[in-house]
Amino acid sequence: MPAHSVCLALVDPHTNTTTVVYDLVTGLPAALLLAFLAWRARPSLQKLRRSQSQIMATYYGFLWVVAVLGALRCAVQMAEVHASHVTLFNSLWLLTRFGLVLLEVSVVVFLLQGYITSGREALLRTLAISGAYAAFETLLAVLYIYGFHVPLFLYAGSDDGGQDLDMRWSKWGFWLVHNLLFLSVYGGILVLPYTSWRDRLPAKPSFYRYVLVLFVLNAVAAIGALQLGFGYSSGYCVYGAASWCYYAIFPLLLYMTFLAEFFLDDSLSMDLMYYSEMKDAGYLDDMGGAEMY
């Protein structure tokens, strides 16, 4: 069996011939993410109530929505997408993509605003910009799927049974442009520390590891889409690997980079709360507004 056939069996709901492997590879990451969020739900909700952080609560809520949609999508996909299920399958994919793109864009938009706005102002501006872009990309995908009948989320073995349709530029050009756009954004962020804009982003190494992972995934996916656009079947393995890694690790990567420290570092949050109370009470006035690091 050619290598691309093996890859195709793992990404195409119509060709899941290796059922057990397919189900595990497709469904296990989504199930583990839901289990992890459920396991940490009680302490996480308690921390959100104590902190009253609108930004963290919003990200946490979106992460739950994406996790649930991803699990539902995997369940439908593992059940094999017959003609009667195609609309449901596409709808779940579109909703999942909307949530993931919104989260991915919102992180960049929020951090690029710097620290000159309040949390509420930054959150509203972030949701407006990232929501507008996610809605635009979703509407464009809807136009492709239902207007031009390009199966963006169904691979070779679609209703007409042909692979030529799957290698059309009308399909892979869409994903290539998407990946190149995000690749340019993450590439720009990686070079920001070497420019005069370096103070606009956090200095935490974990943030740049997060950006580097997404940069690599988008680069690999772009290469795979380019190969498929030119008709090279090896692109199935390249694009399929990048796509699977993205859907499997991005939500958890987002959690570990931006939410895990917030939920776990109770001592730091208590210190900041005491410092804020002391400052409001005027105890630090004689110290010249000493700063806490």
Residues Asp166, Asp23, Asp199 in order from fewest to most other beta-carbon atoms within 10 Å are Asp199, Asp23, Asp166
What is the gain in length, in nm to one decimal, between Tyr146 and Met256 on full extension, counting 0.36 nm per residue of separation less the C-alpha to C-alpha distance? 35.9 nm
If Lys and Arg each add +1 and Asp and Glu each add -1, what is the summed charge of the other residues whose beta carbon sits under 14 Å from the beta carbon of Trp64? +2
Order these by the 10 Å Cβ neighbour count, fewest first: Leu34, Leu124. Leu124, Leu34
Would you kindly work out the equivalent ellipsoid of the range 13-262 from its C-alpha gyration tensor and give its semi-axes, the square roots of five times the eigenvalues, largest first in whole Å? 32, 22, 16
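No value in this document is a laboratory result; all are computed from the given coordinates. Source: prediction; values computed, not measured. Virtual Cβ from ideal backbone geometry, glycine too; neighbours counted across all protein chains shown.
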